[in-house]
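Please read through the structure below; I'll follow up with questions.
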Amino acid sequence: MQPSRHRHRVLAVAFVLTLAVPPAVQVVVDLAAQRVPGGLALFMRPPTAANLRSAENDIERESWFAAAGRPLVQQARFFLFADPGQDTVAGRDGWFFYAPGLQYLTESARRESDSARQDCLAAVCTFRDQLAARGIHLIVVPAPGKASVYPDKLTARMTAAGSPYTPTRDLIAQLTAAGVDVVDLFEAFAQARQDPADSEPLYLAQDTHWSPHGVRVAAQAVAERVLDSGRTDPGTIDYTLDPVTIRRLGDIIRMARAPALEKRIAPESVDCLQVIDPRTGKPYRDEDDAQVLVLGDSFLRIYESDEPGAAGFISHLARCLKRPIASIVNDGGASTLVRQTLSRRPELLENKKVVIWEFVERDIRFGTEGWQPVNLPPPLPSARGRSASGF
């Protein structure tokens, strides 16, 4: 029996409406929000691969239909297939991993990965030279992703001693060969994991970030390198520690955007050590005129401006150095945005002897804005004088 012409017409109209209604509704939503509709934005920038990818991400992020339908789809995927979402990978023993971090490791042989690494190398060397012109020493700290430290929590085929290959090792070797001072946290964390007396995890099970113990191991390693550089001496402030326990639902769980998953998984209990300034009796605070400036991403933000405050890398680095420091932090923006902020606030470089630049390893390839060249304002005459003397 042949379908009737009327049925054909109904199906055709339904198909056209399916294609036409979502973009039409989205245009209305965009105009109501006083922003350029995503489709028109495609024609307002040169059609480069980066611009097209950016426009595609903007359309996906701002889509009303995607925002309304995504939670339902995510819940269905979780209940039917135990799939926590495209950015979330379930590991072993209740551990979760951030998919872009795994993508950085597994796609390391791709051409764009090597290109990004060369861009990173060039940006670091240029920044090193810009700071050296002011008599300031640069120390670079690539932060390991969780899978690089805990591959055994991702799959039973890996062991704690069998860390996966990471292209960050190649970058560290290239930076070292170029004369850049680099702290190898991969080695520091591997030693911590191999210490039979050290059973505390270095990363959170539900989160992309390091644990409070990982914070302290990293801060100690960086502080030792700062002091070994001879550019600054230990201070005289004996910061004290105040134990604080918080409850934290990991960012990987929240990024899954699956309410059913959030309800099913209890927040982690996290034991932090808050750094207290004995001069005030209050939690640690930065001082802009300090001798040390640290730049970085959310690995510096966690526990610091997040709950409980003054318990993150910045505070513990200050504790190890026995002196306050200054900082610029931008989530996901350690590749370029923190340098852009510094270029707009060059006064932060006054009195500086050391700049520490931290960035998580996945951002070597996926960092916000990539590794753009950033021009710092010319150094002040006094800074040139320090450069000539070496301090």
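Against the conditions (1) buried (at least 19 other Cβ atoms within 10 Å of the Cβ); (2) in contact with a strand residue (DSSP E or B) (Cβ under 8 Å, 6 or more places away or on another chain); (3) assigned to a helix (DSSP H, G or I); (4) of a type outside the set (D, E, K, R), where does residue 139 fall short? Just the number, please.
(3)
Given the criterion assigned to a strand (DSSP E or B) and assigned by TED's automatic domain parsing to the domain that holds residue 120, identify the matching residue among 242, 238, 198, 233.
On the way: 238 fails: assigned to a strand (DSSP E or B); 198 fails: assigned to a strand (DSSP E or B); 233 fails: assigned to a strand (DSSP E or B).
Criteria check complete, one pass: 242.
Could you list all residues from segment 238-256 that are out of contact with any helix residue (DSSP H, G or I) (no Cβ under 8 Å at 6 or more places or on another chain) and not charged (D, E, K, R)?
240, 243, 244, 245, 246, 250, 252, 255
Give me a count of the residues in segment 285-327 that are under 14 Å from the mean Cα position of the chain (by Cα) and either in a helix (DSSP H, G or I) or surrounded by fewer than 22 Cβ atoms within 10 Å (Cβ to Cβ) (or both).
The number of residues fulfilling the criteria is 5.
Using beta carbons and a limit of 7 Å, which pairs, at least six apart or on different chains, have the first residue in segment 128-146 and free of Cβ contacts under 8 Å to residues at least 60 places away in the same chain and assigned by TED's automatic domain parsing to the domain that holds residue 342 and the second one of a type outside the set (Lys, Arg) and surrounded by 21 or more Cβ atoms within 10 Å (Cβ to Cβ)?
128/138
Taking residue 161 and the conditions (1) under 28 Å from residue 261 (Cα atoms); (2) of a type in the set (A, V, I, L, M); (3) at pLDDT below 95, which numbered condition does it fall short on, given that it satisfies the others?
(1)
Working carefully through the options 235, 250, find the one that is surrounded by fewer than 19 Cβ atoms within 10 Å (Cβ to Cβ) and not basic (Lys, Arg).
On the way: 250 fails: surrounded by fewer than 19 Cβ atoms within 10 Å (Cβ to Cβ).
Checking each option against the conditions leaves just 235.
Sort through 380, 337 and tell me the only one that's at pLDDT 95 or above, in the same structural domain as residue 146 (by TED's automatic domain parsing) and surrounded by fewer than 23 Cβ atoms within 10 Å (Cβ to Cβ). Can you show your working first?
On the way: 380 fails: at pLDDT 95 or above.
One residue alone meets the criteria, 337.
Which of the residues that make up segment 345-362 are under 14 Å from residue 137 (Cα atoms) and either in a loop (DSSP other than H, G, I, E, B) or not assigned by TED's automatic domain parsing to the domain that holds residue 183 (or both)?
350, 351, 352, 353, listed by residue number.
Another question, then. Just checking, which of 204, 171, 185, 154 is without any contact (Cβ under 8 Å) to a residue 60 or more places away in the chain and surrounded by 19 or more Cβ atoms within 10 Å (Cβ to Cβ)? Please lay out each step first, then the result.
Values: 204 fails: without any contact (Cβ under 8 Å) to a residue 60 or more places away in the chain; 171 fails: without any contact (Cβ under 8 Å) to a residue 60 or more places away in the chain; 154 fails: without any contact (Cβ under 8 Å) to a residue 60 or more places away in the chain.
Sole residue among the options that is without any contact (Cβ under 8 Å) to a residue 60 or more places away in the chain and surrounded by 19 or more Cβ atoms within 10 Å (Cβ to Cβ): 185.
The values are calculated or read from the model by the stated rules, or taken from the named source; none is laboratory data. For clarity, every value in this text was computed on a predicted model and none was experimentally measured. Neighbour counts run over all protein chains shown; Cβ positions are idealised from the backbone, glycine included.
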